[in-house]
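Data block below; observations after.
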Amino acid sequence: MNRSNDAGVARAIHGSPWLPYALIGPAALYLLLFQGLPLLQELRLSVSHTSLLDAAAFRFAGAANFTELFNDPTFLSSLRITALYVASCVAGTVGLGLGAALLMNRSFPGRPIARSLLIVPWAAPPVAVAMIATWMFNAQYGVINRALGPFAPPYGQWLDSPSLALVAILAVTIWQLFPFTAVVILAALQSVPQDLREAAVIDGAGLWMRFRVVVWPVIAATVGLLALLMTIWSIRRFELIWLMTQGGPVGTTNTLVIDLYRRGFVLHELGKAAAVGIVGLAFSLGVTMIYFIVTERLAKAGPSA
Amino acid sequence: MINRRVLGLGGSAFVATLQGARQVRAQAAPKTITIAASMLGEPLRGPKLNAILEEFNASQKDFVVKPVTVPFSSFGTAMFTQMGAGGGPDIIAFDQPNIYAAVAANRLLSLDEAVKGITLLPGNNSLKIKGVQYGVALDIGNYALIYNPELVKKIPTTFAELMAEAKAQTANGNFGYAFRHTRAEEAGMWYDLSNFVYGYGGNWSKDGTPTINADATLAGVRAYKEIYDAGVIPRGADAATYRRMFASGKIAMMVDNGGVPTVLKGTNPNTPIGVALAPFPTKNIGQVMAALAVNANSKAPDAAMAFMRWFLGKGPQTTVQGFLGGSTVATPVPRTKEELDASPYIKVFDSVSDVALPFMPPGLEVQTPQIRGIVVEQVLLALQGQVELKAALDEAQKRVLALPR
């Protein structure tokens, strides 16, 4: 009797046209409140001359902020640096993560310990990482220059050298993020059918061929998703860069978010800062759209593609 | 059975008693205000400034002041964000340029009534905007040459001597000189750069017209670059690091402000410290100032003004100057014999009070952050050899002229 009642309720729920809305409702409400409304406010600010000291006052500026930004060499340089930083981060973290995951997927003594240690950089707080890295790159007392000895850069400068500052920041970023990609790819590797691997070995396929034909098709979607996540996270990364260089020297590590912060909180130009934020958002949306278009095409083309 | 009328009367009496008690409590409760200063969080001076606040609280029955500690690095941003949203502490110890920015946005109250009848040191005039006093100094630090007398035997009196001594002192991990030279320390680099410019008789502007590429300004910046190029500074070291190096005997000289000897002694009480006039062609030098101002958003401006007036009294001013070391306060407080015996170098910092200049371009004070950013960026380009110094300053001049007024 009870069982038939339960079944009836379940049927009623599953059959209800409101079910999808009820399920998506809380998440949609959350996004609307904490993402949608601030985004609208940012859009509104981006077309205004608003000062940090008088955030409530609104003076309509039209597209002036955007026009000024795209005529400002500092902003254009920050766009280039952001693109370089993001591309390097994605290539570094996904490449290194893939290599580490393939290594960790093999059987060797002490593998559980190695897998546990791998996650340590990802678990470390970014602020602590930035502070420690700054000391490691210190010109006078840093361990990196001590280790490099005569091969250290002139005056031991890393974070103050226009040619090395971004390299140093990228090294720290990739070191901190690659464990995450490694762990996710390692999880995906567990889905690679063992019988297919064995069949490939019996057929005489080499290491590269086995990876390309057996492993890659299984993990490709995961790697693609990781690349997307790394892209968006890299566009947004602030604390590490700000703490290590504040965008210097001479703007060589001045990414979009650093530029946004400087305009908003150092120069008090909230309107322009919001405009930088909108450009960053457009950049992220563009990358996301490209990802979905490519994914869809690959899915339509089938597994052989 | 209880009579309804008796019950009603009893209830009314109870309510009246409660209301009365609330009124008495409201009358008796002192007004609470807050004061924010990065100094409050400093290990050496913070507890002493907190003790002053306690002294005020003990002396008052109508007002209570509570400290708000915000680190120096994020102080201006934190205050402006709160003030822009209609809040913030009642009293704020701002850097000078922030006072101008806050006044331009109508975020500060006039202190004219609070300072009436009080003699202020001339340095406070830089906090008077369009005839209105918007701030009073908490800490005025003049700059001078701080050197290690155990290393430097002949005190340099010219730039050539400074350079020669700095070169002689640079060896085996020791450096002859130190200053800020990175974007990460933009404000500090601006101070250090400005000292050279002022010392060479230049300035960043005159009566609101930028003079960034003027001859005297260029000469000062060129001297700064000469020291950088000579390899006599610990490149990449921030102020906290090179001051620690100074306290460990690894830096011979630096031009720094009157509060720094106290910091050095705090790091190492045995740090040998000598102070002389900066060896530049003129006696002109910079002056850094933290100034107290009253937030226009304050809900208790009367309490804030009462605190300001009390703070400018002889007792608190003498106490504060006593723990500031080589700095001075808002009002003239004579140095005591004990003070001068313990720190004879104080006299040197005091001796430049009449020629010390604030780190703000005259007539363009509100735009200090923008001008600072442009100048520092261009000078860094020149330091890195990416552009010739004169061309860098020409570019900075052009960009500053293009700033919206």
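How far apart, in nanometres, would the label points at A:I290 and B:A402 be if each is projected 7 angstrom from Cα along the Cα-to-Cβ direction?
A separation of 3.0 nm, rounded to one decimal place.
Taking the Cα-to-Cβ direction at A:Y141 and at A:A301 and moving 7 Å from each Cα, how far apart do the two end points lie in nm?
For A:Y141 paired with A:A301, the spin-label model returns 5.5 nm.
Collect residues whose amide H, placed 1.01 Å from N in the peptide plane, falls under 5 Å from the amide H of B:G286; neighbours closer than 5 in sequence don't count.
When sequence neighbours closer than 5 places are left aside, the close amide H contacts are B:Y143, B:L357.
If packing is taken as the mean number of other Cβ atoms within 10 Å per residue, what is the order of A:174-181, B:287-294, A:15-22, B:117-124, highest first? Intermediate values should be presented prior to the final figure.
Numbers: A:174-181: 22.8, B:287-294: 25.9, A:15-22: 9.4, B:117-124: 15.4.
Packing proxy ranking, top to bottom: B:287-294, A:174-181, B:117-124, A:15-22.
Under the rule that an exposed site lies in a DSSP loop and has at most 13 other Cβ atoms within 10 Å, name the longest stretch of chain A with no trypsin sites (Lys or Arg not before Pro) of that kind, not counting the sites themselves.
Values: sites that count: A:R59, A:R106.
Answer - A:107-305.
Quote the charge dipole size of the stretch A:73-301 about the Cα centre in Debye, to the nearest 20; the model charges only the Cβ of Lys and Arg (+1) and of Asp and Glu (-1).
80 debye
Whose amide H sits under 5 Å from the amide H of A:S48, counting only residues 5 or more places off or on another chain, with H placed in the peptide plane?
For A:S48, whose amide H was placed from the backbone, the distant partners under 5 Å are A:A61.
Work out from phi, with θ = phi - 60° and the Karplus expression 6.51 cos²θ - 1.76 cosθ + 1.60, the ³J(HN,Hα) of each residue of the stretch A:23-33, listed in order in whole Hz, and give x for Gly and Pro.
After applying 6.51 cos²θ - 1.76 cosθ + 1.60, I find 6, 8, x, x, 5, 5, 5, 4, 5, 4, 6 Hz.
Among B:P269, B:P89, B:P369, determine the one that fluctuates most according to a GNM of chain B built with springs between C-alpha atoms less than 10 Å apart.
Answer for the Gaussian network model of chain B: B:P269.
Expressed as a whole number of Å, what is the distance separating the alpha-carbon centroids of the stretch B:332-374 and the stretch A:81-119?
Computed from Cα coordinates, the inter-centre distance equals 54 Å.
Can you give the FRET efficiency to the nearest 0.05 for B:T32 and A:A10, using r as the Cβ-Cβ distance and R₀ = 51 Å? Don't skip to the end; give the middle numbers.
Numbers: r = 59 Å, r/R0 = 1.15.
Rounded to the nearest 0.05, the efficiency is 0.30.
Magnitude of the Cβ-charge dipole of chain B, K/R +1 and D/E -1, about the Cα centre, nearest 20 debye?
1200 debye
Can you tell me how the protein assembly as shown classifies by the Cα gyration tensor, rounded, prolate or oblate, using a/c under 1.5 as the rounded cut? All intermediate terms of the calculation are to be shown ahead of the outcome.
Details: a/c = 2.03, a/b = 1.25, b/c = 1.62.
It is oblate, given that a/c is not under 1.5 and a/b is not larger than b/c.
What are the DSSP H helices in chain B that stretch 30 Å or more along their long axis, judged by alpha-carbon atoms, and whose average Kyte-Doolittle hydropathy comes to at least 0.0? Display every interim value, and only then the final one.
Details: long enough: B:4-28 (36 Å, 0.17).
Span-like helices, by this rule, are B:4-28.
Could you let me know the centre-to-centre spacing of the stretch A:132-152 and the stretch B:163-193, using Cα atoms, in angstrom?
19 Å
Take A:A83, project a point 7 Å from its Cα along the Cβ direction, then tell me which residues of the stretch A:240-254 have their backbone nitrogen under 19 Å from it.
A:251-254
B:K31's amide H: which non-local residues (gap 5+, or another chain) put their own amide H closer than 5 Å, with H modeled 1.01 Å from N in plane and none for Pro or chain starts?
B:F63, B:V64
Ranked from highest to lowest mean number of other Cβ atoms within 10 Å per residue, what is the order of the peptides A:34-40, B:38-44?
Details: A:34-40: 11.6, B:38-44: 17.4.
Packing order, densest peptide first, comes out as B:38-44, A:34-40.
Roughly how crowded by other chains is peptide B:74-83, in terms of the mean Cβ count from those chains within 10 Å of each of its Cβ atoms?
Details: counts 1, 0, 4, 6, 1, 1, 7, 7, 0, 4.
Other-chain Cβ atoms within 10 Å of each residue's Cβ, averaged: 3.
Sorted by average packing, counted as other Cβ atoms within 10 angstrom per residue and highest first, what order do B:73-86, B:212-225 take? Provide the component values of the computation, followed by the final result.
Details: B:73-86: 18.8, B:212-225: 21.0.
So the peptides B:73-86, B:212-225, ranked by packing, come out B:212-225, B:73-86.
Quick note: the coordinates plus some simple rules give every number you see, no bench work behind them. Here the structure is a predicted model, which is why all the values come from computation and not from measurement. Counting neighbours? That spans all protein chains shown, and the Cβs are built from the backbone with ideal geometry, glycine included.
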